[in-house]
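Computed from the coordinates by the stated procedures, all read-outs in this text should not be read as laboratory data. Source: prediction; values computed, not measured. Note: ideal-geometry Cβ built from the backbone for every residue, glycine included; neighbour counts use all protein chains shown.
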Amino acid sequence: MEISYSVEGTGIMTEIGAQKILIEKKTGSAWTTHETLYSATNPDFYGNNRYTYAHAVTFTGVGGTIYRVPLTAYAANDNGSDTGTVVSTEVVCR
């Protein structure tokens, strides 16, 4: 399965992208962690000196399983840094 994301800054950012990608699977009525990906071990999660950054990562899902992705975005410039988390819609692996 593919996770595509795009982060937009307020101007040219020294660093911009995804800080953490959490892949969750639905087990009954609860969400459990399938995999966690961090920018510290995935340097392509970030771009430097740009206004926006878009990237895609893939993971192996199990057919029939429902997944969602909470993603923590990060942006920094000379004035400081900020993060924000968004959660994707639910997707069934085929």
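Yes or no: A73 buried (at least 18 other Cβ atoms within 10 Å of the Cβ) and among the small types (G, A, S)? Reasoning before the result, please.
Numbers: buried (at least 18 other Cβ atoms within 10 Å of the Cβ): yes; among the small types (G, A, S): yes.
Taking the combined requirement at face value, the residue satisfies it.
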_Contacts under 6 angstrom Cβ, first residue in the stretch 12-31 being over 30 Å from N79 (Cα atoms), partner buried (at least 20 other Cβ atoms within 10 Å of the Cβ) and acidic (D, E), 6 or more apart_ = W31/E24
*Among residues belonging to the stretch 39-69 that are in a strand (DSSP E or B) and aliphatic (A, V, I, L, M), point out the one that is nearest to V92 (Cα to Cα).*
I66
*Residue that is in a loop (DSSP other than H, G, I, E, B) and without any contact (Cβ under 8 Å) to a residue 40 or more places away in the chain, where the choices are T36, T85, T89*: T89
*Among the residues of the stretch 36-69, which ones are surrounded by 15 or more Cβ atoms within 10 Å (Cβ to Cβ) and under 11 Å from the mean Cα position of the chain (by Cα)?*
L37, S39, F45, Y46, H55, V57, R68, V69
*Out of the residues in the stretch 56-94 that are touching a Phe, Trp or Tyr at 6+ places or on another chain (Cβ under 7 Å) and among the β-branched types (V, I, T), state the one that is farthest from E24 (Cα to Cα).*
T83
